[in-house]
Amino acid sequence: MTPERWKQIEDIYYRAKECDARERAALLDDACAGDEELRRQVESLLTADNEADNFLSAPAMDVAAQMIADDQAASLEGQRVGHYAIVEHIGAGGMGEVYLAVDSRLGRKVALKLLPLEFTADAERVRRFEREARSASATSHPNIVTVYEIGRFQNRHFIAIEYVEGETLQQRIARGAMALREVLEVAIQAVSALAAAHESGIVHRDVKPANIMLRRDGIVKVLDFGLAKLIEPLPTRARESTNQVQLTTDPTRVMGTPRYMSPEQITGRETDARTDIFSFGVLLYQMTTGRPPFEGATAPELMAAVLSHEPAPLRRYSREAPAELERIVSKALAKSREERYQGARDLLIDLKNLRLEIELDAKLKRLAQPETETHGKLLTQALFTDDSPTSQSPLALSPVPASQLDPVGGAVPLKSGFYIVRATDMEFRSAIARQDSIVLLKGARQVGKTSLLARGLQQAREAGARVVLTDFQDVSSSWLESLEKLLLTLAESLMVQLEQSVSPRAMWSPHLSPGVNFELYLRREIFTNVSEHIVWGLDEVDRLFACDFGSEVFGLFRSWHNKRALDPSAAWDRFTLAIAYATEAHLFITDLNQSPFNVGTRLQLEDFSFEQVADLNDRYGAPLVDKPEVARYFRLVGGHPYLVRRGLHEMAAHGLRLSDLEARAGDDEGPFGDHLRRMFVSLTQDDELCELVRSVLQGKPCPISDGFYRLRSSGLLTGDSPRDVRPRCQLYASYLENHLL
């Protein structure tokens, strides 16, 4: 598109904008003089202005960017941008053109975004954008699109990002109403990405359906972290030297997408993580109802509605929307930041709890229709049988032979029929298949981390990788006396497991630091002699938390993650660390800033869902004879994987009924005694935490926020905030009450 052509389009657009509908048609007939392409282009600008939904500046400028991109797209196909070969043009918008390209060095598909010159002319603005985009990418969260490279080619800045095959959430919403289950699945994954970014100090500032991709396998990816840094105003000295609020002074330029902007964005005030929460509230409303919460024919009208109007109740447009979802959306859309969720993690917890409640309700409602005649007879017997511990119920089970049961505790064998696959399994396996640099698997003690790690390592072996395993449970105390001893011993373990002939001791220099010696051994011996991808599994890494040099080990791991980008010649892209650790260590980390990992793919292993507990019950021969019993058991132990397995194993192995198990559940010598005693001993090492738990057991809010987060991370408590906190399960509550009150 030539400058002259654009000036002609812009001229007609601004004249037509001032006319009413009848005058506008006549003006277009006259001004376009039969040029149908010219008329189509002007009308597209006018339509975009009316919708006021997907622009970051004056409407004409945005649609112009699309028009110009359409003209230029074909000319770049088949060309190269650095080491990227452009295949085809796949999109464009206010933030530039996007191309499908192939990275010729690594042979992978990427999405290549060429940024508009108007946003990259200011060097300071570009530096801020690069810093933020790199920080967001460093989180390596499974729901955040990975940024591979930020570069410059022929005076044009570009970003190479992970190519995602699928559709945007905007396209999905346009196809029709979303079921509540689908809404929650998308919402939970997207908010999980925002929570991870916020914890790394990154605010998105432009959360909207167009920036959320839905992969065909159900994985959600959030795009464009950091791009808002290119268009928001730079801080001025005047603003830094005073506390005055800076308002947007250019009425034709809007810093965000108006339909999804928070009140503080509209008024030009300082933004923080709560801005993203408001924007996501808009998106959540739209997914649920199929329509936006705020309406306006023009951008100013739309922004005025955001500032002054309250959205209609969800139930007006969606009959299946539960009251709890209404509460969540209303809290996210609060005009005042102080009344919103104060963190994305709190919003995430509410969404997950709502999903669990819906699953549980659905299962219980189906009880009215027994699945089989046999099930119906069992249900009738259960409802009319004395359930006291001493009665001999006709439903008493025969013990399952021990040979048919797996032992409980430790890793579940690879071929076990009692292993439950959770969402994190798929995320972990995907990260191993992608050959991510660091894959961090964390969770409370005895939730199945080692079992999942074992399956990921087996997957890597089957894919042809060389696998090394270090279990810190087996590490001798002498290894942990100094950093030098630990790293030298680890290097020797790599040598043995990878069948290398040169010992690290032969090249270990007393003039170099232990970390440098270890890295030199990796580069000169391991990477040189092993051509396959290497996956190094490290289990029970939380044992390092008590070491004075633990932070140095974690710092070394972080540096290897960064070297993938900084030192591509050294084969770091053929080296993956798969690390499992228990968050129980958070009981002893008094400074949360000292939490050891802030890079790589971080995965949290969650408890079993109600449906998974019911599935496992069936695999154990259904010692819980009907779904009301499953629900009762679920309330007792929650979804805690070890407690669920231990109780089902106990009932199946000894022919016990649920009432028998409940009678001894809290005993120190009962089926859960070892687990409960360990939990209690860990807690009582900190008097302050004991007092916090006493407060919670007495129905009071947790008085210290840091203590709440430590107790929740350790798996003792659950809840979305210090004000709404409770023991993780009924069993924990009764045991702690007996020992602390």
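Please treat every number below as a calculation from the coordinates, not as lab data. In this text, all values refer to a predicted model and were calculated from it rather than measured experimentally. Reconstructed Cβ throughout: ideal geometry from the backbone, glycine too, with neighbour counts over all protein chains shown.
Only Cα pairs under 8 Å and 6+ residues apart enter the sum, and on that basis the relative contact order of segment 287-361 stands at 20 percent. Proximity of backbone amide H atoms, modeled 1.01 Å from N, is registered between VAL468 and VAL535, TRP536, GLY537 at under 5 Å, excluding neighbours fewer than 5 places apart on the same chain. Note on ASP471 and GLU295: the extension gain reaches 57.6 nm, defined as 0.36 nm multiplied by sequence separation minus the Cα-Cα distance. The length gained by stretching the chain between SER705 and GLU669 to full extension, at 0.36 nm per residue less their Cα-Cα distance, is 9.5 nm. Exposure proxy for SER713, SER482: other Cβ atoms within 10 Å of each Cβ, ordered fewest to most, give SER482, SER713. Sequence-ordered 3J(HN,Hα) estimates for segment 433-442 from the Karplus curve with 6.51, -1.76 and 1.60 and θ = phi - 60° stand at 5, 6, 6, 4, 5, 10, 10, 9, 10, 10 Hz, glycine and proline given as x.
In a DSSP loop and with at most 16 other Cβ atoms within 10 Å, the chymotrypsin sites (Phe, Trp or Tyr not before Pro) in segment 277-319 are TYR317. Of the cross-linked pairs LYS449/LYS700; LYS221/LYS442; LYS352/LYS449; LYS7/LYS208; LYS113/LYS208, those separated by over 23 Å at the C-alpha level are LYS449/LYS700; LYS7/LYS208.
Most tightly packed first, judged by the mean number of other beta-carbon atoms within 10 Å of their residues, the peptides 417-426, 451-460, 171-180 read 451-460, 417-426, 171-180. Near ALA344, once Lys and Arg are set to +1 and Asp and Glu to -1 for all other residues with Cβ below 13 Å from its Cβ, the sum equals -1.
Rounded to the nearest 20 debye, the dipole magnitude of segment 613-741 is 260 debye, with +1 charges on Lys and Arg beta carbons, -1 on Asp and Glu beta carbons, and the Cα centre as origin.
For segment 425-604, the relative contact order is 40 percent, taking Cα pairs closer than 8 Å that sit 6 or more residues apart in sequence and dividing their mean separation by the residue count.
On the beta carbon distance between ALA334 and ALA123, with R0 = 45 Å, the FRET formula returns roughly 0.75. Summary value for segment 612-740: 21 percent relative contact order, contacts being C-alpha pairs under 8 angstrom separated by 6+ residues.
One chain, two ends: GLU43 and GLU149. Fully extended at 0.36 nm per residue, the span grows by 34.4 nm beyond their Cα-Cα distance.
Grab the beta carbon distance between ASP35 and GLU88, set R0 = 22 Å, and tell me the FRET efficiency rounded to 0.05. Step by step, r from the Cβ atoms, then E = 0.15. Couplings 3J(HN,Hα) of segment 661-669, computed from phi: 5, 4, 5, 10, 4, x, 6, 4, 9 Hz, in residue order, whole Hz [Karplus 6.51 cos²θ - 1.76 cosθ + 1.60, θ = phi - 60°; x for Gly and Pro]. Rounded to the nearest 20 debye, the dipole magnitude of segment 605-652 is 140 debye, with +1 charges on Lys and Arg beta carbons, -1 on Asp and Glu beta carbons, and the Cα centre as origin. The phi torsions of segment 546-563, fed into the Karplus equation with coefficients 6.51, -1.76 and 1.60 and a -60° offset, translate into couplings of 7, 8, 4, 9, x, 5, 5, 5, 5, x, 5, 4, 4, 5, 5, 4, 5, 5 Hz, rounded to whole numbers, with Gly and Pro shown as x. Between VAL502 and GLU23, the distance separating the two model label sites (each 7 Å from Cα on the Cα→Cβ line) works out to 8.3 nm.
Here GLU97, GLU662, GLU23 are placed in order of increasing Cβ neighbour count within 10 Å, fewest first, which gives GLU23, GLU662, GLU97. Spacing of the modelled spin labels on ASN738 and GLU357, each 7 Å from Cα toward Cβ, amounts to 3.0 nm.
Across the options LEU661, GLN685, TYR709, the greatest Cα extent toward the positive end of the charge dipole of segment 612-740 (unit charges at beta carbon of Lys, Arg, Asp, Glu) belongs to TYR709.
Counting charges near SER513 (Lys, Arg +1; Asp, Glu -1) among other residues having Cβ under 13 Å from its Cβ returns a value of -3.
Of the peptides 641-652, 724-735, 465-476, the ranking by mean beta-carbon count within 10 Å, highest at the top, reads 641-652, 724-735, 465-476. By the count of other C-beta atoms within 10 Å, a proxy for reagent exposure, LYS485, LYS352, LYS7, LYS113 are ordered fewest to most as LYS7, LYS485, LYS352, LYS113. Think of each Lys and Arg Cβ as +1 and each Asp and Glu Cβ as -1; about the Cα centre, that makes the dipole of segment 425-604 roughly 420 debye.
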